[in-house]
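Some notes on the structure that comes next.
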Amino acid sequence: MSLSDCKYGSNTQRDHNCSLHGLPMPGNYGKRPVRTFFDFRHPNMPEKPDAKWVPLLSLTNLRSISKIRLVSFLLGLTVMFLIMASYILPWDKKGLLFTPAPYQLRPVVVPTSTATADVSPEKNLIDMKVLVKIIASKLEYTPRKVPDEKDVIETDSHLFSAIPRHFLPSIKSPCWYEEFSGEINTDLYRRNLFTLRSKSFKTMCDHLRTDFHQHLYHRDGKQYRLRCLPYFYIIGQPKCGTTDLFHRLLLHPEVKFNTMKEPHWWTRKRFGYIRFKDGFQESFPVEDYLDLFDLAAKNIQAGISGNSSGDHSALQLITGEASASTMWDNQAWSYLHENREDTEPPFLAQDFIHSVQPSAKIIIMLRDPSERLYSDYLYFKMANKSAEDFHLKVVESVQLFQSCLSERSLRSCVYNTSLSNAMPVRLNLGMYIVFLLDWLTVFHREQILVLRLEDYAANLKVTIKKVFDFLSVGPLPKQVEAALTKRPMSNTRRVADRNLGPMLPATGDLLRKFHQPFNHKLASVLDNKAFLWSNT
């Protein structure tokens, strides 16, 4: 057999001949195209070494792929899908961030899963120490400059024309007489915007409307209606027991609320916002806000009219409101002045409250900020909740806040609306001391009562007495006191949320370290180590 016999002939014959005689294989042996994953050639297609194969994507070709290759193909697609999903899901349906974040992230090294064994505790502790040190150093800032009262008045001249500078001296509540020039049968509450969003308040207005004319004050041929502002404000914080405190105060005979706990007027509705995500709606005038306290005004006026009997109890009646946004929410300014370069709001809610009512009483309810944040997450997030998801959101929020601190002041980051909207959990609401210090720039320390939810829950009777003493209301009758203390707690955690269990230990450890400098400053200002929350 010659070399020519090895080179020519059928494929089978030439291979056999070459191997028998020890001759070298042809140069193109072993270089035949290999059918791969995406090679859709028909398996019985005649092979021609010199011809180029054209992939045929017909249905017939697809059906002829071997089962093993098809399974491999589907398995590959599945793996790709799972990998993509693992990145998308933690964003809680926000989608991947293809646009730049508001701040360039400089992540702090913190554990992001329950399996923290692979994370170096020493490195993690050092990084958190650095962040805590930065926060502590930035907490030592000069108190904000309170705006001039004339500048506050100029921003809302109608507010200050509707509310006088002085109130009736013989009445405990901040009340005054407003001339009533309308017809007796005029529907005063028809245009009130609060009635459109609260059935209970609408019902109350229907009741007040029936005998409104009986409670007008007549003098010099004119008619006047009594108007009142809240005597006190429960201003925050969210998920700290303000709802429960509000309902228990209702049981005191000297406290006359209206039916709406949280009007959110000072922070949102007076600017035309109900929920910022919905954009501008319609501004609620101050008259609509004052209507909320007409029930108290009616009772006080009845007492004034019947004072000949010597009963002065009605003159001691007080009212209040409990919007948990009042302490911290000043986001409206960023929506009203989008083009301003200010990194902090030019005016705060307390500037306006103090300007119209400098002797107001302020009540603040706080709790361990770590637990407050977890409760806030469980209450406001409706789906896909878990301790693991909460941990991821906490880590991301801490990273965003750290990035902001690298460029801006502490107050700027706490009040920054863009940062607040970017953080998946409301981390900034637990920085209590920043908000409290700003309230102390306009109100005296003795005008602000700061309570802990932990004390309130552990010894309700003692804590509620402290509130009554602060408001200077009389002692409760025994029966009322018994009813007040036995009343079930309001707005407790939902059963489904309780079943999720506590936050992960890693999350609690991270949040405790993060909040430590804020709590330390808070305890120092209040001269009360309980606000360190070191035992929780």
Based on what the data block shows, is Ser420 surrounded by 13 or more Cβ atoms within 10 Å (Cβ to Cβ) and touching a residue at least 60 places away in the same chain (Cβ under 8 Å)? yes
Where residues in the range 478-526 are closer than 28 Å to Val467 by Cα and not in a helix (DSSP H, G or I), which of them is least open to solvent (accessible area, probe 1.4 Å)? Ser490
For the range 312-331, which residues satisfy the criterion of being open to solvent by less than 10 Å² (accessible area, probe 1.4 Å), within 16 Å of Ile274 (Cβ to Cβ) and polar (S, T, N, Q)? Ser323, Ser325, Thr326
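Checking the condition over 30 Å from Tyr377 (Cα atoms) and either in a helix (DSSP H, G or I) or more than 32 Å from the chain's Cα centre (by Cα) (or both), which residue from Arg227, Arg191, Arg248 passes?
Within the list Arg227, Arg191, Arg248, the selection yields Arg227.
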Mind listing just one residue for me: the one in the range 122-135 that is at pLDDT 90 or above and open to solvent by less than 40 Å² (accessible area, probe 1.4 Å) and, of those, nearest to Leu436 (Cα to Cα)? Ile135
Enumeration of residues in the range 448-465 that are touching a Ser or Thr at 6+ places or on another chain (Cβ under 9 Å), assigned to a helix (DSSP H, G or I) and open to solvent by less than 20 Å² (accessible area, probe 1.4 Å): Tyr456, Ile464
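Determine whether the range 431-438 contains at least one residue that is open to solvent by 30 Å² or more (accessible area, probe 1.4 Å), in contact (Cβ under 8 Å) with a residue 12 or more places away in the chain and not in a loop (DSSP other than H, G, I, E, B). Working first, answer last.
Step one: filter the range 431-438 for residues open to solvent by 30 Å² or more (accessible area, probe 1.4 Å), giving 437.
Now narrow it down to the ones that are in contact (Cβ under 8 Å) with a residue 12 or more places away in the chain: 437.
Those still in the list that are not in a loop (DSSP other than H, G, I, E, B) too: 437.
So far as the range 431-438 goes, yes, one or more of its residues are open to solvent by 30 Å² or more (accessible area, probe 1.4 Å), in contact (Cβ under 8 Å) with a residue 12 or more places away in the chain and not in a loop (DSSP other than H, G, I, E, B).
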Every listed condition ((1) farther than 30 Å from Val462 by Cβ; (2) in a helix (DSSP H, G or I); (3) without any contact (Cβ under 8 Å) to a residue 40 or more places away in the chain) holds for Lys298 save (3)
With (1) assigned to a loop (DSSP other than H, G, I, E, B); (2) farther than 30 Å from Gln316 by Cβ as the list, and Lys172 as the residue in question, which single condition is left unmet? (2)
Taking the criterion of being free of Cβ contacts under 8 Å to residues at least 40 places away in the same chain and either β-branched (Val, Ile, Thr) or in a helix (DSSP H, G or I) (or both), would at least one residue in the range 466-475 satisfy it? yes
On the given criteria, is Lys261 in contact with a strand residue (DSSP E or B) (Cβ under 8 Å, 6 or more places away or on another chain), open to solvent by 50 Å² or more (accessible area, probe 1.4 Å) and either in contact (Cβ under 8 Å) with a residue 40 or more places away in the chain or of a type in the set (Ser, Thr, Tyr) (or both)? no
Here are the criteria: (1) more than 24 Å from Leu366 (Cβ to Cβ); (2) in contact (Cβ under 8 Å) with a residue 60 or more places away in the chain; (3) open to solvent by 10 Å² or more (accessible area, probe 1.4 Å). Tell me which single one His247 does not satisfy. (1)
Screening Glu183, Glu149, Glu178 for residues that are open to solvent by 80 Å² or more (accessible area, probe 1.4 Å), touching a residue at least 40 places away in the same chain (Cβ under 8 Å) and acidic (Asp, Glu) leaves only Glu149
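For every residue, the table says whether it meets (1) in contact with a helix residue (DSSP H, G or I) (Cβ under 7 Å, 6 or more places away or on another chain); (2) surrounded by fewer than 18 Cβ atoms within 10 Å (Cβ to Cβ); (3) at negative phi.
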{"site": "Arg191", "(1), (2), (3)": "no, yes, yes"}
{"site": "Ser200", "(1), (2), (3)": "no, yes, yes"}
{"site": "Thr210", "(1), (2), (3)": "no, yes, yes"}
{"site": "Phe232", "(1), (2), (3)": "yes, no, yes"}
{"site": "Thr243", "(1), (2), (3)": "no, no, yes"}
{"site": "Leu251", "(1), (2), (3)": "yes, yes, yes"}
{"site": "Trp266", "(1), (2), (3)": "yes, no, yes"}
{"site": "Lys269", "(1), (2), (3)": "no, no, yes"}
Would you say Ser323 is modelled with pLDDT under 90 and out of contact with any Lys or Arg (no Cβ under 6 Å at 6 or more places or on another chain)? no
Might you check whether a residue that is within 17 Å of Val356 (Cα to Cα), touching a Leu at 6+ places or on another chain (Cβ under 9 Å) and assigned to a helix (DSSP H, G or I) occurs anywhere in the range 273-286? yes
In the range 354-398, anything farther than 19 Å from Ala322 by Cα, open to solvent by less than 30 Å² (accessible area, probe 1.4 Å), of a type in the set (A, V, I, L, M) and out of contact with any Gly (no Cβ under 7 Å at 6 or more places or on another chain) is listed as Leu378, Val394, Val395, Val398
Does Asp329 qualify as being under 30 Å from Gln447 (Cβ atoms), assigned to a helix (DSSP H, G or I) and of a type in the set (Asp, Glu)? no
Checked against (1) under 26 Å from the mean Cα position of the chain (by Cα); (2) under 24 Å from Tyr379 (Cα atoms), Ala523 satisfies every condition except (2)
Test each condition in (1) over 17 Å from Asp294 (Cα atoms); (2) open to solvent by less than 20 Å² (accessible area, probe 1.4 Å); (3) hydroxyl-bearing (Ser, Thr, Tyr) for Ser173 and report the one that comes out false. (1)
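The values are calculated or read from the model by the stated rules, or taken from the named source; none is laboratory data. Bear in mind that the values here come from a model prediction, so they are computed numbers and not experimental data. Note: ideal-geometry Cβ built from the backbone for every residue, glycine included; neighbour counts use all protein chains shown. For the accessible areas, the whole protein counts, side chains as well, though only heavy atoms, and no ligand, DNA or RNA atoms are used. Shrake-Rupley method; radii C 1.70, N 1.55, O 1.52, S 1.80 Å.
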